Amino acid sequence: VCLTCCSRDVMVKVNQICHKNSVKFFTGDIFGYHGYMFADLGEHEFVEEKTKVAKVSPGMEDGPDTKKAKLDSSETTMVKKRVVFCQLKEALAVDWSGEKAKAALKRTTPDYFLLQ
C-alpha cells in the first residue's frame, strides 16, 4: 500500500491494518524542498552479496599499500539477512526527553519533524 497527501491519523490507521495483515506499507509527501518517506515492510528477508577480503601475507614488503586489506572481486559470498521494521505509530512516538534520545537527536534529520 502506498499513501501520499494523507493526514497523520489516516497514515497511522492504514499502517496498523497493513502491519496486522503482513502487507507492505509506504507513505511519503513533499513540502517544497523538504519531504519524507516511511516504509514498514514488516519482517523483510533479503540476500546481500559480500566480497571476500584478501589478507596480505606477513612476508610481503611493509608499505602503505600492503597494510590495507585488498578486495578480491572474483570471490563473493551470499549472506541472508532479516530486518524487522517498526510501525509508523512507533516511529512517531519517540520520547525526546531521555538521554538516549538526546544523542539520537543529533543524527535525526530535521525533516523527521515534518510529520509531527
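Read-outs: derived from the displayed coordinates by stated rules, not from any lab. These numbers come from a predicted model, not from an experiment. Cβ coordinates were reconstructed from backbone atoms using ideal geometry, including for glycine residues, and neighbour counts include every protein chain displayed.
For the reader, a short list of remarks on this structure follows.
- Net +/- balance of residues flanking Ala101 in space, Cβ distance below 15 Å, scoring K and R +1, D and E -1: +1
- Between the residues Met78, Leu105, Leu92, the greatest Cα displacement towards the positive end of the dipole of region 71-116, with unit charges on the Cβ of Lys, Arg, Asp and Glu, is found for Leu92.
- Here the Karplus relation 6.51 cos²θ - 1.76 cosθ + 1.60, evaluated at θ = phi - 60°, turns the backbone of region 18-33 into coupling constants of 5, 4, 4, 9, 6, 9, 5, 10, 10, 9, x, 6, 10, 10, x, 8 Hz, with x for every Gly and Pro.
- Across Lys20/Lys106; Lys24/Lys50; Lys80/Lys102; Lys13/Lys50; Lys24/Lys80, pairs whose alpha-carbon gap is larger than 29 Å: Lys20/Lys106; Lys80/Lys102; Lys13/Lys50
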